[in-house]
Structures are given as structure tokens and as C-alpha cells.
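Peer 1: Would you mind keeping the following structure in view while I ask a few things?
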Amino acid sequence: MIKLSKYRVLVAALALGCAPLASAEEAESVDMAAELGYFYGYSFGNMLKDGRSEDVDLERLMQGLIDSLGGQPPALDAQKREVIFAEVRRRQAVAQAEHEQAAAAQAEAEQQQVASNLKVAEEFLAENAKRAGVMTTASGLQYEALQEADGPVAVASSRVVVKYKGSFTDGRIFDQSGDKTVEFSLGQVISGWTEGLQLMNVGDIYKLYLHPDLGYGAGGVGEIPGNSVLVFEIELVEIK
């Protein structure tokens, strides 16, 4: 059941896109009584919608607010209050059931999409492995050398400096360092990077093709969907 606490109105107010705390000068320029009224009214409206009670009589709603703020007793006898409480609980139960059904449907759709993504990923990697110049390691990591040099080689404990670009198999870029370099320890990154960078010499530029198990797996992260193949073009600039 949906629980309505005294904090619910404030949480619902986030729908207004609350800004950081205003300065004293900004606060003085606002008709505070009027805008507080709108703030709480809008927030309470969201709460009513969440509880499937958007059909309330607005005149009675206003009278209830006036009576409450004025310290007046409720204009409902005990019998009517029980009837109203029962209806509120019923509507909340309906809203909760709808929410749970929607969440279950979304979770099912996401699971189906993740399973589909894995199939697509494995089909892509199977074809990619056939291309000239693409090598595959025992873990399933695929790589190809775009530029080779004679610098030192990183090991698992190395701290490295790189430039990189990360994309999906369709070429859409999801992350890149641009002209800047990024420094990290090989133990701090996804396993595909940890393994791939140990294949490289300083000065090399490799393209890595990561099976989801070597990237972010079925869970994905940020804008990266679960079970995505990740393609990284990496330049090993320095080993520290």
C-alpha cells in the first residue's frame, strides 16, 4: 500500500524542478505567500494523482485547507470519515497494484531486451572474428592493431596514461577522452581494458571489441544498455 507521510508533499514538489537555495535578495523579490501556496498546491495535486484521487471536488478541497489552517474541526462526522478513509485506501491499493504491474511489465521488457542484446552481441563478435587483422584471446577479447610501436609493455599492476574513444558497434560514441589523456591503474577498470592494455606497447593504438562479459555485462551502466558489445579505440600514451 502507498504510505503518505508528512514528507510526501515535499518529495512530490520535485516535479516543479526545485532550484538551489535562493539568496535573501531573491527571496525578498518573491510574493512568498502566493508562491508557497502554488508550490504546495502543485505538490498536493501530484500526490492526489499518485493516489488516483484527481477527481476531488476542488471547492471542498479548498474548504478543507481553510478549515485545517484555521484550526477548525473537520466538517465530516465519524461515519463519513470512515467511508472516506475506506475509499482512500481502496484507491491507494489500485494505484499500488497498477504501479507494480507496470514495474513488472517494464522489468520483463528489459529482460527480453537484454537477452536479445546478448544474441546480437555474440553474432556480431562471431562475424568480427573472421575479419583480417582481428585477433581473439582466450577470454574472448577481440583486438586489432591500428598503430604499433616499440615502447614498454604494461602489466596488471601498471598505472597507465591513455587516450580513448568508446562506441557501440553502429559507431555511436558513448564516451571519449578527446585531446586529453586519462590516467588510471589497470586494476581499476573493466576487465576488457585490463587485459587489452597488457597486449599493447607504449605508442600503440589498438581497437578492442569487448564481449559484454568483459564490459558491463547484463546490467549495463548509464546510457550503455545491458549486454552491449563495446568498441574502444585506445592509444597507450605512457606507463607510470
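The values are calculated or read from the model by the stated rules, or taken from the named source; none is laboratory data. This structure is a prediction, so every number in the text was calculated from the model and none was measured. Cβ atoms come from the backbone with ideal geometry, glycine included; neighbour counts cover every protein chain shown.
Peer 1: Name the residue, out of 138, 218, that is out of contact with any helix residue (DSSP H, G or I) (no Cβ under 9 Å at 6 or more places or on another chain) and closer than 28 Å to residue 120 by Cα.
Peer 2: Just a single option satisfies the conditions, and that option is 138.
One line per residue, one yes/no per condition, for (1) within 29 Å of residue 151 (Cα to Cα); (2) modelled with pLDDT of 95 or more; (3) touching a Lys or Arg at 6+ places or on another chain (Cβ under 6 Å):
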| position | (1), (2), (3) |
| --- | --- |
| 176 | yes, yes, yes |
| 203 | yes, yes, no |
| 214 | yes, yes, no |
| 223 | no, no, no |
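Peer 1: Looking only at residues in the range 178-201 that are surrounded by fewer than 18 Cβ atoms within 10 Å (Cβ to Cβ) and among the acidic types (Asp, Glu), which one is farthest from residue 147 (Cα to Cα)?
Peer 2: In this case the residue turns out to be 183.
Peer 1: Still on this structure, please answer the following. Considering every residue within the range 162-170, establish whether at least one is free of Cβ contacts under 8 Å to residues at least 12 places away in the same chain, acidic (Asp, Glu) and in a loop (DSSP other than H, G, I, E, B).
Peer 2: Yes, the conditions are met somewhere in the range 162-170.
Peer 1: Taking into account only those residues within the range 154-172 that are surrounded by 15 or more Cβ atoms within 10 Å (Cβ to Cβ) and of a type in the set (Lys, Arg), which is nearest to residue 188 (Cα to Cα)?
Peer 2: 163
Peer 1: Within the range 121-140, restricting attention to residues that are in a helix (DSSP H, G or I) and in contact (Cβ under 8 Å) with a residue 40 or more places away in the chain, which residue is farthest from the chain's Cα centre (by Cα)?
Peer 2: The residue in question is 128.
Peer 1: Hey, among 145, 126, 154, 121, which residue is modelled with pLDDT of 95 or more, among the aliphatic types (A, V, I, L, M) and farther than 30 Å from residue 107 by Cα?
Peer 2: Result: 145 is the single residue among 145, 126, 154, 121 that is modelled with pLDDT of 95 or more, among the aliphatic types (A, V, I, L, M) and farther than 30 Å from residue 107 by Cα.
Peer 1: Say whether the condition of being touching a helix residue (DSSP H, G or I) at 6+ places or on another chain (Cβ under 8 Å) and among the small types (Gly, Ala, Ser) is met by at least one residue in the range 193-201.
Peer 2: Taking every residue of the range 193-201 in turn, none turns out to be touching a helix residue (DSSP H, G or I) at 6+ places or on another chain (Cβ under 8 Å) and among the small types (Gly, Ala, Ser).
Peer 1: A further question on this structure: Considering (1) under 30 Å from residue 107 (Cβ atoms); (2) part of a loop (DSSP other than H, G, I, E, B), say which one residue 178 fails and leave the rest.
Peer 2: (1) is the only condition that residue 178 fails.
One line per residue, one yes/no per condition, for (1) under 30 Å from residue 219 (Cα atoms); (2) among the polar types (S, T, N, Q); (3) surrounded by 10 or more Cβ atoms within 10 Å (Cβ to Cβ):
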position	(1), (2), (3)
61	no, no, yes
64	no, no, yes
82	no, no, yes
107	yes, no, yes
116	yes, yes, yes
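Peer 1: If you don't mind, there's one more thing I want to ask. Identify all residues within the range 210-240 that are assigned to a loop (DSSP other than H, G, I, E, B), surrounded by fewer than 17 Cβ atoms within 10 Å (Cβ to Cβ) and not acidic (Asp, Glu); write none if there are none.
Peer 2: 222, 240
Peer 1: Mind checking which pairs have a first residue in the range 94-112 that is under 22 Å from residue 54 (Cα atoms) and among the small types (Gly, Ala, Ser) and a second that is modelled with pLDDT of 95 or more and loosely packed, with under 10 Cβ neighbours inside 10 Å, Cβ under 6 Å, 6 or more apart or different chains?
Peer 2: Close Cβ pairs (under 6 Å, with a partner that is modelled with pLDDT of 95 or more and loosely packed, with under 10 Cβ neighbours inside 10 Å) do not exist here.
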